[in-house]
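> Mind looking over this structure? Questions follow.
The values are calculated or read from the model by the stated rules, or taken from the named source; none is laboratory data. Keep in mind the model is a prediction, meaning the values are calculated, not measured. No Cβ is skipped: glycine too gets one built from the backbone with ideal geometry, and neighbour counts run over all protein chains shown. Note: accessible area is taken over every heavy atom of the protein model, side chains too, but ligands, DNA and RNA are not part of it. Shrake-Rupley method; radii C 1.70, N 1.55, O 1.52, S 1.80 Å.
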Number of protein chains: 2
Amino acid sequence: MRAIRGALSVRSERVVRWIGDDCAVVRAGGACAVSTDVMVDGTHFRLGQATPEDVGWRALAGALSDIAAMGGEAGEAYLSVVLPPSMGDDDVLALHRGAEALAASCGVTIAGGDLARGPALTVAVTVMGWADAPDAFVGRDGARPGDRVGVTGTLGASAAGLALLERGGSGPLVERYLRPRPRLEEGRALAGQATAMMDLSDGLASDAHRIAEASRVGLLLDASRLPLAPGVDSVELAATGGEDYELLVCGPDTLPGLTWIGEVVAGEGVEWTEAPPGAQAWRGFEH
Amino acid sequence: MRAIRGALSVRSERVVRWIGDDCAVVRAGGACAVSTDVMVDGTHFRLGQATPEDVGWRALAGALSDIAAMGGEAGEAYLSVVLPPSMGDDDVLALHRGAEALAASCGVTIAGGDLARGPALTVAVTVMGWADAPDAFVGRDGARPGDRVGVTGTLGASAAGLALLERGGSGPLVERYLRPRPRLEEGRALAGQATAMMDLSDGLASDAHRIAEASRVGLLLDASRLPLAPGVDSVELAATGGEDYELLVCGPDTLPGLTWIGEVVAGEGVEWTEAPPGAQAWRGFEH
């Protein structure tokens, strides 16, 4: 734990105590958003394809993306790591260095964690994000008919990157898969005006259903408008590929920095227009 | 997730959003203590000896014990669960019911979580505890020469219970191992006056060293005064057995509800008196 603490830094005056006591202690005010995510070797990544640094980065990115999706200011992260017999102290440090590299770029403090032995590398990350008041956070449930639907960035990069990685490739798409960047700044900029927001972790085709269900509305999405990532030529991949960690946003057309892909309508579910046959059955990852 | 949510209840007006969005949202004020703990089948428990309900209870208890050790008011818990192929939906629900039974008895809300597949049952729990201000929490680092050293409850029950369980036994000692009760009320009652506090998770012999090191003092412990749990006849087991989740407390002799087992002295490390030969080498679980 001492070596891990040495690889990490405190980045906020909020943090009063961190690694080394029974608990971390943070000054608390306003409201706090909390999310917890677990990633397991063989299920969410493959050691060998991904380095321990990649795994640390990626696990933290997945959790921070949930803070971005609420429009929160990213605060503290807590990493529980289960280590297989094949991994030693160097690997644990490397994993924490990977997470710390992302934390540093987001102003996040890794304030605590736990280590244990087990059969497969497992990283459980809990993150806390902050806002002045509970209603400053944007949920999935506020979309209203007449809202427009947009996404940040581009789609399909992570799924294309994974496919490339499995064939031994490298490059920007692989980087998008191994080292995704949570859209924290974008989320905060959108938080004042967006009516509903979520991050695209399972793929637009599945995640859009979740916003529709939570908001009790329908989403009408135009497949021809999906912003394909450079190097991605399949609309279906962009709609169904997971782990892009872009934001799916509903709200007025004055929202900044989005590609508009559809609109919110009365009703339920997701309907695709300008789409190839079979699009109604598109799904990303379903739990 | 819907079935899991159905097995859980919100127990605090602090909780504004819970399971079902990207993040839970809680009203925040004063200061927050956060701890994260991970338990793995084969390392921290054995399925078969422990039921899924036991595992849920025990994982939450271990994390809440850290809140008790800071003197915090237990608030919210977040459970990430990795499920092996042998476990189905019923087992996941049972695990959450076990955690919820403890949560209900502590006023805790299980406000979020994650589920994934992997080779071994793994439960990572993050808990948040609350206080009016950061300095209302008690760390490990405030013990001063002249303080007395005490413990809550009795020692050795969990280790004796595990030994009994491995021989197919049952009864109160086994219950102490499978369903430990974090000392939350005791922790809060002690928080105003205690100078240093921690929970006994690895065994007194090891944990006492941690308080000594964090506070830069020595601890002089009287082995003849350890409060052995009923059915435990070995002082060494009481000193080295882990997972009792009692509190080790330093402070004035006016502190309520403790058995006094020693005193804080200038110097470093832990010295045993009235102890059998070999006591200086006693250790609990060392990470």
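> For region B:201-273, what mean projected area does the convex hull of the alpha carbons give, in nm²?
Mean projected area of the Cα convex hull: 4.8 nm².
> Below 8 Å between Cα atoms, with a sequence gap of 6+, how large is the relative contact order for chain A in percent?
22
> Can you say what percent of the DSSP beta bridges in the protein assembly as shown, counting only those with both residues inside, are antiparallel? Round to 5.
Looking only at bridges with both residues in the protein assembly as shown, the antiparallel portion is about 70 percent.
> Which value, to two decimals, describes the C-alpha radius of gyration of chain A once divided by 2.2 N^0.38 Å?
Dividing the Cα Rg of chain A by 2.2 N^0.38 Å gives 1.01.
> Within a Cβ distance under 13 Å of residue B:265, other residues only, what is the Lys/Arg minus Asp/Glu net charge?
Around residue B:265, the surrounding residues sum to -2.
> Let me ask another. Which residue, A:272, B:87, A:153, has the largest displacement toward the positive end of the dipole of the protein assembly as shown when charges sit on each Cβ (Lys, Arg +1; Asp, Glu -1)?
It is A:153.
> How much length, in nm to one decimal, is gained on full extension between residue A:233 and residue A:266, taken as 0.36 nm per residue of separation minus their Cα-Cα distance?
Difference between extended and current length: 8.7 nm.
> Let me know the mean shielding of B:76-82 by other chains, meaning the per-residue number of their Cβ atoms within 10 Å of its Cβ.
5
> Taking the label point as lying 7 angstrom from Cα along the Cα-to-Cβ axis, what are the distances from residue B:132 to the corresponding position in the remaining copies, in ascending order and in nanometres?
2.7
> Taking 0.36 nm per residue of separation and subtracting the Cα-Cα distance, what length does fully extending residue B:141 through residue B:105 add?
Extra length available between residue B:141 and residue B:105 comes to 10.0 nm.
> Under 18 Å from the 7 Å Cα→Cβ point of residue A:132, by amide nitrogen: which residues of region B:12-46?
Answer for region B:12-46: B:26-30.
> Give me the mean projected area, in nm² to one decimal, of the convex hull enclosing the Cα positions of region B:74-199.
10.2
> Please state the charge dipole magnitude for chain B, taken about the Cα centre, from unit charges on C-beta atoms (+1 on K and R, -1 on D and E), reported in debye and rounded to the nearest 20.
520
> Shifting gears a bit: Evaluate the Debye formula for region B:236-285 with equal point scatterers sitting on the alpha carbons, no solvent, and hand back log10 of I(q)/I(0) at q = 0.21, 0.24, 0.25 Å⁻¹, in q order, two decimals.
-1.00, -1.21, -1.25
> Using a 1.4 Å probe, what is the accessible area per residue for region B:32-120, in Å²?
Spelled out: the 1.4 Å probe surface of region B:32-120, per residue, equals 26 Å².
> Could you tell me the relative contact order of region B:128-282? Use alpha-carbon pairs under 8 Å, at least six residues apart, and round to a whole percent.
38
> For the protein assembly as shown, what is one quarter of the convex hull surface built on the Cα atoms, given in nm²?
25.2
> A follow-up question, please. Once all Cα-Cα distances of region A:97-149 are split into 10 Å bins that start at 0, what whole-number percent is in each one?
In whole percents, the pair-distance histogram is 15, 31, 28, 19, 6, 0.
> So, one more: Taking only protein heavy atoms into account and a 1.4 Å probe, give the accessible area per residue of region A:193-271 in Å².
Counting only protein heavy atoms, the per-residue value for region A:193-271 is 36 Å².
> Let me ask another. With all protein chains present, how much of the accessible area of region A:38-84 (probe radius 1.4 Å) comes from carbon and sulfur, to the nearest whole percent?
With neighbouring chains kept in place, the figure for region A:38-84 is 44 percent.
> Between residue A:9 and residue B:115, what is the label-to-label distance in nm when each label sits 7 Å out along the Cα-to-Cβ direction?
Calculated label separation equals 4.1 nm.
> In the neighborhood of residue B:60, defined by Cβ-to-Cβ distances under 10 Å, what is the net charge if each Lys or Arg adds +1 and each Asp or Glu adds -1?
After counting each charged neighbour, the total is -1.
> Label position 7 Å from Cα toward Cβ: report the copy-to-copy distances for residue B:257 in nm, one decimal, ordered from shortest.
Label point to label point, same position, other copies: 4.9 nm.
> What FRET efficiency comes out for the pair residue B:259/residue A:193, r = Cβ-Cβ distance, R0 = 60 Å, nearest 0.05?
So, using R0 = 60 Å, E works out to roughly 0.50.
> Before we go on, tell me the buried accessible area for the A/B pair, both chains summed, 1.4 Å probe, in Å² to the nearest 100.
It comes to approximately 4000 Å² buried between A and B.
> Report the normalised scattering of region A:158-210 as log10 I(q)/I(0) at q = 0.30 Å⁻¹, calculated by the Debye formula with identical scatterers on the alpha carbons.
These q points yield log10 I(q)/I(0) values of -1.07.
> Here is a further query. Averaged over A:126-135, how many beta carbons belonging to a partner chain fall within 10 Å of each residue's beta carbon?
4
> Round to the nearest 0.05 the FRET efficiency obtained for residue B:224 and residue B:163 when R0 = 22 Å and r is the Cβ-Cβ distance.
0.45
> Right, next: Within a 10 angstrom radius of each residue's Cβ in A:209-216, how many Cβ atoms of other chains show up on average? Whole number is fine.
Going residue by residue through A:209-216 and averaging, the value is 1.
> In region B:28-43, which residues become less accessible by 20 Å² or more once every protein chain is in place, relative to the chain on its own, using a 1.4 Å probe?
At a threshold of 20 Å² (probe 1.4 Å), the residues of region B:28-43 that become less exposed are B:28, B:30, B:32, B:34, B:36, B:38, B:40, B:43.
> Okay, next question. Carbon and sulfur together cover what percent of the accessible area of region A:112-226 at a 1.4 Å probe radius?
So the carbon and sulfur contribution to the accessible surface is 46 percent.
> Suppose R0 equals 45 Å; then what is the FRET efficiency for residue B:46 and residue A:216 from their Cβ-Cβ distance, rounded to the nearest 0.05?
My answer for the efficiency is 0.50.
> Can you give the three extents of the C-alpha atoms in region B:14-98 along their principal axes, from longest to shortest, in whole Å?
43, 31, 16
> Can you list the distances in nanometres, one decimal and ascending, from the residue A:169 label point to the identical position in each other copy, with the point 7 Å along Cα to Cβ?
Listed shortest first, these distances are 6.2 nm.
> Now, a different point. Thinking of region A:189-231 as a set of Cα atoms, what percent of all their pairs are more than 16 Å apart?
Distances greater than 16 Å cover 50 percent of the Cα pairs.
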